[in-house]
Amino acid sequence: MLVEAKDSKELLKLERKIQKADLLIIDELSYLSFNRHQSELLFKVISDRAEKASVIISTNLEFSRWTELFESPTLTAALVDRLTFRSHILNMNNPSYRMENG
């Protein structure tokens, strides 16, 4: 969504909308991979919200494997740092509900 907004010159409008949200939810982060440009856009959104508004991210990857998602280890470290500062991390290493009840 961020890349499309930038391509259509609507990025600033979308960033303002995201900043105004009380809660930003990014679901299934580990199913995507990000090129450098996409990583920088996501980093900016997270940085702008840092210590101002809540973010929830769901992923199957532990933080040590986030370098598999983002091209830059330095950017990845900075992103994780911002997300984990004063955060609550819920580790749900439980069997899949869908697998057990499907």
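Details
- Candidate set: segment 52-63, residues that are farther than 18 Å from residue 31 by Cβ and of a type outside the set (A, V, I, L, M, F, W, C); chosen: the one surrounded by the most Cβ atoms within 10 Å (Cβ to Cβ): 54
- For segment 70-102, taking the residues that are among the acidic types (Asp, Glu) and under 16 Å from the mean Cα position of the chain (by Cα), the one that is modelled with the highest pLDDT is identified as 81.
- Test result for residue 49, surrounded by fewer than 17 Cβ atoms within 10 Å (Cβ to Cβ) and modelled with pLDDT under 95: no
- Residue 93 part of a loop (DSSP other than H, G, I, E, B), among the polar types (S, T, N, Q) and without any contact (Cβ under 8 Å) to a residue 12 or more places away in the chain: yes
- In segment 1-42, of all residues being hydroxyl-bearing (Ser, Thr, Tyr) and surrounded by 13 or more Cβ atoms within 10 Å (Cβ to Cβ), the one that is modelled with the highest pLDDT corresponds to 39.
- Of the residues making up segment 78-100, those that are out of contact with any helix residue (DSSP H, G or I) (no Cβ under 6 Å at 6 or more places or on another chain) and under 17 Å from residue 42 (Cβ atoms) are 78, 81, 83, 84, 85, 87.
The values are calculated or read from the model by the stated rules, or taken from the named source; none is laboratory data. Quick caveat: nothing in here was measured; it's all calculated off a predicted structure. Neighbour counts run over all protein chains shown; Cβ positions are idealised from the backbone, glycine included.
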